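The values are calculated or read from the model by the stated rules, or taken from the named source; none is laboratory data. Note that the structure is predicted; figures quoted are calculated from it, not measured. Cβ coordinates were reconstructed from backbone atoms using ideal geometry, including for glycine residues, and neighbour counts include every protein chain displayed. These area figures cover heavy atoms from the full protein model, side chains too; ligands, DNA and RNA do not enter into them. Shrake-Rupley method; radii C 1.70, N 1.55, O 1.52, S 1.80 Å.
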Amino acid sequence: GRIQSTLNVSQEDLQVPFDFPFGFDFFAVPFGDPPAFQTYDPNNDQGRLFLTTTSTLELNPTDWWQTTLRFSLTQNRQRSENGLDQGLPFPALFPPTFVTNFNRTRTAETTVEAEWLHHITFEGDHWKNVFTAGYLFERDHVAFRDFSTSANFGFLPPLHSSVSATRNRNASYYQDQITLWGRLFLNAGFRADQESQESNRILPGTTMRTRSK
């Protein structure tokens, strides 16, 4: 038999010190020429973490039977945070509660797969029959969260929203391949999928939950 595993990880951390004044950061310190189209925003940070791993186990219990078990995981996490700006042009006129451009978002995407595959081979002098059967499970999950005080200018409570969605899939598949005299190939296959979905959404002032199969 054989066991094989792979792992890849990458991480990014970025600072985005520029912003457009017509968003909700127009109180930031002017920067650039002309300042009407560009402002200096040192509190705007972004980051990303990407991970993927796969493990495979291959076994040959007999000369005619080969089985493979595979597991994989992929995750993509992103963050964005835009903190309160400092150095207002007129701090005496704008109290701290008035500066409401704080924003924080988090996004996570996760995919899990598990597969069990079998190859059964029978052959004679002028023919060969390979029968394949397998089972596949997939799970996709997406989560998004946002916390923001933008656009309320300190007079309204912070805005909070989140979305969580999950999709599960179960699949069974079969295939039969017959080779005659090394020249004639006959194939027949069948696959059955069952899928279910579920999502939860929390938006400002509303709550929604849906489920489907």
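With modelled with pLDDT of 70 or more and either of a type in the set (S, T, N, Q) or more than 35 Å from the chain's Cα centre (by Cα) (or both) as the only criterion, which of Phe122, Phe98 stands out? Before you say what the answer is, go through the steps one by one.
On the way: Phe98 fails: modelled with pLDDT of 70 or more.
Answer to the selection: Phe122.
For segment 1-84, give me every one of the strands (runs of 3 or more DSSP E) that falls completely inside it and has 2 or more residues that are modelled with pLDDT of 95 or more and open to solvent by less than 60 Å² (accessible area, probe 1.4 Å).
The qualifying strands (runs of 3 or more DSSP E) are 44-59, 65-82.
Farther than 25 Å from His118 by Cβ and either open to solvent by less than 70 Å² (accessible area, probe 1.4 Å) or at pLDDT below 90 (or both): does that describe Phe137?
No.
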